[in-house]
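For reference, the structure discussed in these notes is given below.
The values are calculated or read from the model by the stated rules, or taken from the named source; none is laboratory data. Predicted model, so just to flag it, every value in this text is computed and none were measured. Cβ coordinates were reconstructed from backbone atoms using ideal geometry, including for glycine residues, and neighbour counts include every protein chain displayed. Ligands, DNA and RNA are excluded from the accessible area calculation, which covers all protein heavy atoms including side chains. Shrake-Rupley method; radii C 1.70, N 1.55, O 1.52, S 1.80 Å.
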Amino acid sequence: NIFNPCPHFHPPPTFPPAHYRIKARGQNLFQQIRTELYCLFSSGLQLSQSCDLSLPCCADEGSLSSTKCPQISGVRVQLEMQALWQQFDQLGTEMIVTKAGRRMFPTFQVRISGMDPSAEYVLLMDFIPVDSKRYRYAFHSSSWLVAGRADVAAPSRMHFHPDSPARGAQWMKQTVSFDSLKLTNNLLDDNGHMILNSMHRYQPRFHVVYVDPAPNSHLNAYKNFCSFSFPETRFMAVTAYQNHRITQLKIASNPFAKGFRTTDPQHLPPASISPPSGTVQGHHETANLSRFKRSVLNEK
């Protein structure tokens with residue numbers, strides 16, 4: 001399935017630090033893209049801080065789609081590993097945030113079509129709160145409960161794909177992976193990681209920006225981008241996994257976690273993995289889960 005809706009952007013975005021810049025032909029290109037994105041994010045597109053409202057995208061139906069430039073209007077994006085994302089979403093996806101930064105699993109990966117093969121594009125991601133609530137996990141009912149109003153929003157950042165900018169032909173020939181993206185709860189982070197509040201729900205968003213060579217391209221910033229969000233990629237930011245089924249599914253599906261497996265995960269239904277209580281194997285698997293929670297899985 002291909003999803004198109006995208007909420008409004010947060011104002012103002014925090015750009016990557018000096019040592020974490022996209023690949024460029026020089027400082028001028030980075031400044032051009034930075035200027036265009038700033039104009040875009042600070043010109044009436046910042047009205048909402050939740051996922052309730054939709055931002056017209058290049059793939060939307062209706063007259064608004066005709067306002068996009070030709071290099072953007074036909075872009076389509078498909079989420080990779082969608083079935084796995086859906087399995088996590090059914091359980092309530094959790095993503096670890098640490099002071100040093102932790103990679104996401106599942107990794108956000110997409111396939112792109114409809115680009116102009118010879119045009120250059122920048123790809124980036126950001127994360128916005130799903131709502132204005134803070135949550136806590138109720139172990140007795142294995143469910144998330146509202147614990148109050150959301151904490152003050154962390155600084156809004158954007159993560160540029162390290163291969164940006166690149167021609168459309170390059171982006172379309174293979175899966176685009178954001179495997180270098182890390183999540184942190186360190187408000188003072190200076191490594192370009194995405195800053196999130198623990199116990200808050202977030203929606204990842206994916207953006208495609210056409211690198212317009214025109215000298216006045218900033219005047220057409222709204223026409224030169226397209227945004228996509230996939231509901232099944234929503235997650236709760238946590239400092240430790242709360243739902244043991246999420247832990248088990250990550251062990252079963254993450255190739256970096258094979259050392260924690262005691263049974264071939266292909267023979268276990270991921271959504272219903274449960275170690276038998278009162279058995280040697282059950283105690284062994286429970287110990288593995290505890291080790292997994294303390295590990296630096298998927299963090300380099």
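At-a-glance table
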item	result
Check on GLY168, more than 20 Å from THR93 (Cα to Cα), open to solvent by less than 10 Å² (accessible area, probe 1.4 Å) and modelled with pLDDT under 95	no
Filter result for ALA83 (more than 19 Å from SER180 (Cα to Cα) and open to solvent by less than 20 Å² (accessible area, probe 1.4 Å))	no
Which listed residue, of LEU187, LEU183, is open to solvent by 10 Å² or more (accessible area, probe 1.4 Å) and touching a residue at least 24 places away in the same chain (Cβ under 8 Å)	LEU187
Subset of the range 180-231 (residues that are more than 17 Å from MET125 (Cβ to Cβ) and of a type in the set (A, V, I, L, M))	LEU187, LEU188, MET199, VAL211, ALA214, LEU219, ALA221
3 or more residues free of Cβ contacts under 8 Å to residues at least 60 places away in the same chain: qualifying strands (runs of 3 or more DSSP E) within the range 116-177	143-149
Pairs where the first residue, in the range 208-237, is on the phi < 0 side of the Ramachandran plot and part of a helix (DSSP H, G or I) and the second is at pLDDT 90 or above and hydrophobic (A, V, I, L, M, F, W, C), C-beta under 6 Å, 6+ apart	LYS223/CYS69; ASN224/CYS69; GLU232/TRP85; THR233/TRP85
Selection within the range 174-194 - hydroxyl-bearing (Ser, Thr, Tyr), closer than 19 Å to MET81 by Cα and touching a strand residue (DSSP E or B) at 6+ places or on another chain (Cβ under 7 Å)	THR175, SER177
Residues located in the range 112-141, provided they are in contact with a helix residue (DSSP H, G or I) (Cβ under 8 Å, 6 or more places away or on another chain) and open to solvent by 60 Å² or more (accessible area, probe 1.4 Å)	PRO117, SER118
Breaking point among (1) within 19 Å of HIS159 (Cβ to Cβ); (2) buried (at least 20 other Cβ atoms within 10 Å of the Cβ), for THR247	(1)
